[in-house]
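See structure below.
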Amino acid sequence: MKKKLIQIPGKTKTSTKDYLNKRSAYIFHHFMKCGGTSLTKSLGNWFSMVYDHYRDLNKINQYKKNRYDINKLNSETCLVGHFNYEGIYLFQRYPEILDDSNNIKAFTFIRNPLSFYVSLYYYSRHFGRTDNTLEEYIDSNQNLLAYYLPCDEDNYREVLDKYFFIGITEKMQESVDKLAKIIKKRKISVSSVNKSKKDSQISIITDDFIEKFKEKNELDYLIYDYCLDKFRHS
């Protein structure tokens, strides 16, 4: 998932300023375990991808200092990164996207909170980042979508409205088709990659378990439901 930052391939002699006066440049906020790896691969059919992932949490301070020059973006490129910790949240790393005059648009994909937790657990266990059981992992975390955005109950709508498009992982192909129509690109097929393998622990997810999970992660479900509503009307 962590790829080295690459420079934009030269595809045109038109200047960045001239491009952005006419067409948008894009930033893909890649939420972990929300289909972003599959999507990023497919986006390469539309854009020259610019990878801005941190490679090592122990070197996060170095990453903070090594910000990509947003002025190099043009309408044939898409910047992609996780932007999921204090100091490197999207609004901190690239505050320019909040200024509509720059014509740089951000989009992301969001997943059902419980599915997100489960997939993140198996991914984390695969890479030795947790020794907990699935139940322990879920119980020890709360409202992770809100943490990674970040937002709270007072501003989650405002934060989500900063994205010009929010896709739904469970509706991946439909989401990509909608995005293609909005940004006037040809339709592409998205293949699933980087899927986390699951085991018998998944049996703990009963109706009672789901009900308790929703109560504990109410904010994440407010976020997800709002994204679903925006998606239906996009």
TODO: Using only Cα atoms, tell me the angle between helix 207-216 and the longest principal axis of the chain; keep it within 0 to 90° and round to the nearest 10.
DONE: 60
TODO: Filter the cross-link list LYS162/LYS197; LYS59/LYS187; LYS72/LYS197; LYS41/LYS214; LYS33/LYS214; LYS105/LYS187 down to pairs whose alpha-carbon distance in this structure exceeds 27 Å.
DONE: LYS162/LYS197; LYS59/LYS187; LYS72/LYS197; LYS41/LYS214
Open item on the list: If I fit a long axis through the Cα atoms of helix 218-232 and take the longest principal axis of the Cα atoms of the chain, what angle between them do I get, 0 to 90°, rounded to 10?
Closed with: 50
TODO: Just rank ILE183, ILE27, fewest to most, by other beta-carbon atoms within 10 angstrom.
DONE: ILE183, ILE27
Task: Sorted largest first, extent of the range 84-123 alpha carbons per principal axis (Å) - done: 40, 20, 13
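How big is the Kirkwood radius of the range 90-170, worked out from every pair of different alpha carbons and given in Å to one decimal?
When all Cα pairs of the range 90-170 are included, the Kirkwood radius is 14.6 Å.
Normalised by the number of residues in the chain, what is the relative contact order in percent for Cα pairs under 8 Å and 6+ residues apart?
Working: 297 pairs, mean separation 57.6, N = 234.
Relative contact order of the chain: 25 percent.
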Task: Radius, Kirkwood style, for the chain when every pair of distinct Cα atoms is counted (Å) - done: 18.8
TODO: Please work out the ratio of the alpha-carbon Rg of the range 155-234 to 2.2 N^0.38 Å and round it to two decimals.
DONE: 1.37
- [ ] Treat the range 59-98 as a sphere of radius equal to its Kirkwood radius over Cα pairs and apply Stokes-Einstein at 20 °C in a medium of 1.002 mPa s; give the translational diffusion coefficient in µm²/s, rounded to a whole number.
- [x] 194
- [ ] Would you please put 172-180, 34-42 in order of how densely packed they are, using the mean number of other Cβ atoms within 10 angstrom per residue and starting with the highest?
- [x] 34-42, 172-180
Task: Compactness index (Cα Rg / 2.2 N^0.38 Å), the range 28-72 - done: 1.32
- [ ] Against the globular-protein guess of 2.2 N^0.38 Å, express the Cα radius of gyration of the range 47-186 as a ratio, rounded to two decimals.
- [x] 1.15
Open item on the list: For the range 124-232, what does the relative contact order come out to in percent, with C-alpha contacts under 8 Å and a separation of six or more?
Closed with: 40
Task: the range 132-182 versus the range 32-56: alpha-carbon centroid distance in Å - done: 16
TODO: Taking the chain as the reference, fit the longest principal axis to its C-alpha atoms, fit the long axis of helix 113-126 to the helix C-alpha atoms, and give the angle between the two in degrees, 0 to 90, nearest 10.
DONE: 90
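FYI, it's all coordinate maths here, none of it is from the lab. Worth saying up front: this structure is predicted, and the values here are computed from it rather than measured. Positions of Cβ are generated from backbone atoms using ideal geometry, with glycine treated the same way; all protein chains shown enter the neighbour counts.
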